[in-house]
Amino acid sequence: MKNQSSVSEFFLRGISGFPEQQQLLYGLFLCMYLVTLTGNVLIILAIASDPHLHTPMYFFLANLSFADMGLISSTVTKMLFNVQTQCHTISYAGCLIQMYFFLMFGDLDSFFLAVMAYDRYVAICRPLHYSTIMSTRFCGLMLALCWVFTNVVALTHTLLMARLSFCVAGEIAHFFCDIIPVLKRSCSDTHVNKLTVFALGGTVLVVPFVCIVISYVHIVFAVLRVKTSGGSSKAFSTCSSHLCVVCVFYGTLFSAYLCPPSVVSVEKDIAAAAMYTVVTPMLNPFIYSLRNKDMKGALRRLFCHGRILSP
């Protein structure tokens with residue numbers, strides 16, 4: 001698709017319209033970014049180094065941690081750079097690239113959470129067939145499908161955006177190049193883009209969410225059939241961390257994109273976007289490490305091994 005844009009760069013509003021708040025929030029977002037990277041790297045290292053965690057659930061958790069790092073890096077790094085340099089611009093090509101990676105990693109989060117819910121469903125509802133169903137080949141196939149589909153969706157949105165004309169270098173009312181704020185700056189007909197956002201956006205959000213709900217409905221009924229209280233508590237404990245992450249992720253995501261237009265403002269939109277692009281990726285490692293006994297043990301062994309190897 002031929003690029004019809006006559007604009008070479010955009011202005012990003014940032015996280016606040018007030019310079020004093022920008023500097024304050026800069027320090028906060030930088031700390032959250034570093035904590036997110038550290039926490040998710042530790043999760044990946046713990047899973048990779050501990051043979052007890054070489055299971056499908058932790059395999060997808062490691063991929064979720066990688067997607068979380070990609071999601072926050074694709075949005076926050078440019079914002080931090082702009083605040084530091086006091087240059088709130090992003091090139092046209094840079095805006096499209098940022099949009100592509102934001103969409104890809106955000107959609108990966110959604111699909112990985114759905115796959116992890118299916119893994120818990122198989123483990124609790126069909127335990128005797130777990131090793132057969134969740135085989136290495138099947139897990140690899142699901143991982144590949146998640147990556148391929150999310151890349152296709154992100155590329156579709158980006159290419160459709162590239163065909164639009166942007167006649168005025170106006171301000172994008174956001175701290176990164178999200179689809180809707182960028183579409184508002186276009187002087188072309190955006191009906192195809194908005195229809196695609198509705199169709200594909202609804203698919204990548206609603207379909208995984210429905211799959212998660214269906215999986216947990218089956219899990220609840222299976223647990224209720226367990227006669228012993230110990231068996232029920234053990235089954236719920238294996239799902240509690242994942243369920244917390246699902247509630248945080250979809251709660252912030254739906255508040256950002258399904259809020260009625262009458263109650264939406266620029267500040268609320270930015271705050272909601274910051275929740276699922278910054279806060280959620282930061283919380284995930286804490287939720288899984290604090291509520292998961294196996295993960296706490298793996299992290300403890302990782303730190304002990306690091307102290308032994310250190311001079």
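The values are calculated or read from the model by the stated rules, or taken from the named source; none is laboratory data. All values derive from a computational prediction rather than experimental measurement. Neighbour counts run over all protein chains shown; Cβ positions are idealised from the backbone, glycine included. For accessibility, only protein heavy atoms count, side chains too; no ligands or nucleic acids. Shrake-Rupley method; radii C 1.70, N 1.55, O 1.52, S 1.80 Å.
First check a/c for region 78-217, with a ≥ b ≥ c the square roots of the eigenvalues of its C-alpha gyration tensor; if it is under 1.5, answer rounded, and if not, answer prolate when a/b is larger than b/c or oblate otherwise. Since a/c reaches 1.5 and a/b is larger than b/c, the shape of region 78-217 is classed as prolate. Toward the positive end of the charge dipole of the chain, with +1 on the Cβ of Lys and Arg and -1 on the Cβ of Asp and Glu, the farthest Cα among T38, A274, M142 is that of M142. Between L145 and L80, the FRET efficiency estimated from the beta carbon spacing at R0 = 41 angstrom works out to 0.75. Highest-first packing order for the peptide set 276-282, 214-220 is 276-282, 214-220, based on the mean count of other beta carbon atoms within 10 Å.
Order 97-107, 51-61 from most to least packed using the mean count of other Cβ atoms within 10 Å. Mind showing how you got there, number by number?
Details: 97-107: 21.5, 51-61: 19.0.
The densest-packed peptide leads the list: 97-107, 51-61.
What you get for region 46-147, charging only the Cβ of Lys and Arg (+1) and of Asp and Glu (-1), is a dipole of about 120 debye around the Cα centre.
Its Cα centre serving as origin, the chain has a Cβ charge dipole (Lys and Arg +1, Asp and Glu -1) of approximately 920 debye.
In whole percent, what relative contact order does the chain give with Cα contacts below 8 Å and a gap of six or more residues?
Working: 358 pairs, mean separation 92.7, N = 311.
Answer for the chain is 30 percent.
I'd like the carbon and sulfur percentage of the solvent accessible area for the chain, probe radius 1.4 Å, heavy atoms only, ligands and nucleic acids excluded. Of the solvent-accessible surface of the chain, carbon and sulfur hold 70 percent.
Based on alpha-carbon atoms, the Kirkwood radius and the radius of gyration of the chain give Rg/Rh equal to 1.01.
Counting only protein heavy atoms and a 1.4 Å probe, the chain has 50 square angstrom of accessible area per residue.
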